[in-house]
Amino acid sequence: WSDREWIDAEYVPSCIELVKQLTGANSALQVYSPMQRRVDYQNHRGAAPTAGFVHLDQTRDIAMAFAGHIAEACDVKFKVATIYNVWKSMTPAPQDYPLAVSDQHSVPVEDHVPGETVEYLGENADKLVSPYVLLSPSAQQKYYYYPDMDPDESLVFVGVDLDPARPLGCAHSAFQHPKPQGTCVPRASIEVRVLAIFD
């Protein structure tokens, strides 16, 4: 997982093919660079921390604009498309901060709360603002956790459905494993986002 060339040349295409097989999409494209998340991210160049708050990665408007830009760059047009997240743990179970994913049909839009990350690009430089969606808690929401996932398995879920008539996607979050500290493996995971085109 430290070999970026292998990730780009072998792993990402395998994720694209997996999404096509699972969804029956006519075509699929990579969106965003693969991201590794680690509990000890400070010790791994380019890794991000695990996200311990319930969220959807993007708003539909931002996802639609970005997907359109990627598709146009690849000379592809679409009317119906969905961004899927292919999530894989790089460490064996149990991980200390595993991933929980919501049933997208259990989250009413009334629970959506706008959020944004702000990245400062340097002194006297512009800031990069990325909108996303937080969730306010409610008893209606249902979450799932796959406790025995190993590095040979992948979890594929809807990141953003670009159809405004459908739920936005599957909210997700890392959470602290209830086992005593020291009995779980520090989580390291990788995620690839794939635009599946259906028309």
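For Met35, the conditions (1) in contact with a Lys or Arg (Cβ under 9 Å, 6 or more places away or on another chain); (2) open to solvent by less than 60 Å² (accessible area, probe 1.4 Å) are fulfilled apart from (2). When the range 146-156 is limited to residues that are within 17 Å of Glu191 (Cα to Cα) and without any contact (Cβ under 8 Å) to a residue 60 or more places away in the chain, the one that is least open to solvent (accessible area, probe 1.4 Å) turns out to be Tyr146. For the range 52-74, the condition of being of a type in the set (Ser, Thr, Tyr), within 15 Å of the chain's Cα centre (by Cα) and more than 17 Å from Ser173 (Cβ to Cβ) holds for at least one residue. Does the range 132-145 contain any residue that is open to solvent by 50 Å² or more (accessible area, probe 1.4 Å), touching a strand residue (DSSP E or B) at 6+ places or on another chain (Cβ under 9 Å), charged (D, E, K, R) and more than 19 Å from Phe66 (Cβ to Cβ)? Among the residues of the range 132-145, at least one is open to solvent by 50 Å² or more (accessible area, probe 1.4 Å), touching a strand residue (DSSP E or B) at 6+ places or on another chain (Cβ under 9 Å), charged (D, E, K, R) and more than 19 Å from Phe66 (Cβ to Cβ), which makes the answer yes.
Here is a list: Lys88, Lys79, Lys127, Lys179. Which entry is out of contact with any helix residue (DSSP H, G or I) (no Cβ under 7 Å at 6 or more places or on another chain), surrounded by fewer than 17 Cβ atoms within 10 Å (Cβ to Cβ), under 24 Å from Gln21 (Cβ atoms) and not hydroxyl-bearing (Ser, Thr, Tyr)?
Numbers: Lys88 fails: surrounded by fewer than 17 Cβ atoms within 10 Å (Cβ to Cβ); Lys127 fails: under 24 Å from Gln21 (Cβ atoms); Lys179 fails: under 24 Å from Gln21 (Cβ atoms).
Only one candidate qualifies: Lys79.
Taking the listed residues Gly169, Gly159, the one that is open to solvent by less than 30 Å² (accessible area, probe 1.4 Å), part of a loop (DSSP other than H, G, I, E, B) and touching a Gly at 6+ places or on another chain (Cβ under 6 Å) is Gly169, with no other qualifying. Can you name the residue in the range 1-31 that is assigned to a strand (DSSP E or B) and open to solvent by less than 60 Å² (accessible area, probe 1.4 Å) and is also farthest from Pro92 (Cα to Cα) among such residues? By that ranking, first place goes to Ser27. Of all the residues in the range 59-96, those that are modelled with pLDDT of 95 or more and among the basic types (Lys, Arg) number 2.
Report whether or not Ser102 is small (Gly, Ala, Ser), closer than 19 Å to Val39 by Cα and surrounded by 10 or more Cβ atoms within 10 Å (Cβ to Cβ). Reasoning before the result, please.
On the way: small (Gly, Ala, Ser): yes; closer than 19 Å to Val39 by Cα: no; surrounded by 10 or more Cβ atoms within 10 Å (Cβ to Cβ): yes.
No.
In this entry, Gly115 is excluded by the filter for residues that are open to solvent by less than 60 Å² (accessible area, probe 1.4 Å), at pLDDT 95 or above and not in a loop (DSSP other than H, G, I, E, B). Kindly establish whether His55 is under 29 Å from Gln140 (Cβ atoms) and open to solvent by 60 Å² or more (accessible area, probe 1.4 Å). No.
Results for (1) touching a Phe, Trp or Tyr at 6+ places or on another chain (Cβ under 9 Å); (2) β-branched (Val, Ile, Thr); (3) at pLDDT below 95, shown as yes or no for each residue.
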site	(1), (2), (3)
Lys142	no, no, no
Val156	yes, yes, no
Pro167	no, no, no
Ala174	yes, no, no
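Working only within the range 68-102, note down all residues that are in a helix (DSSP H, G or I) and over 28 Å from Leu135 (Cα atoms).
Taking the range 68-102 as the starting set, the residues that turn out to be in a helix (DSSP H, G or I) are 68-73.
Passing the criteria: Ala71, Glu72, Ala73.
The values are calculated or read from the model by the stated rules, or taken from the named source; none is laboratory data. Quick caveat: nothing in here was measured; it's all calculated off a predicted structure. Note that each Cβ is placed from the backbone with ideal geometry, even for glycine, and that neighbours are counted across all protein chains shown. Areas reflect the complete protein model, heavy atoms only, side chains present, ligands, DNA and RNA absent. Shrake-Rupley method; radii C 1.70, N 1.55, O 1.52, S 1.80 Å.
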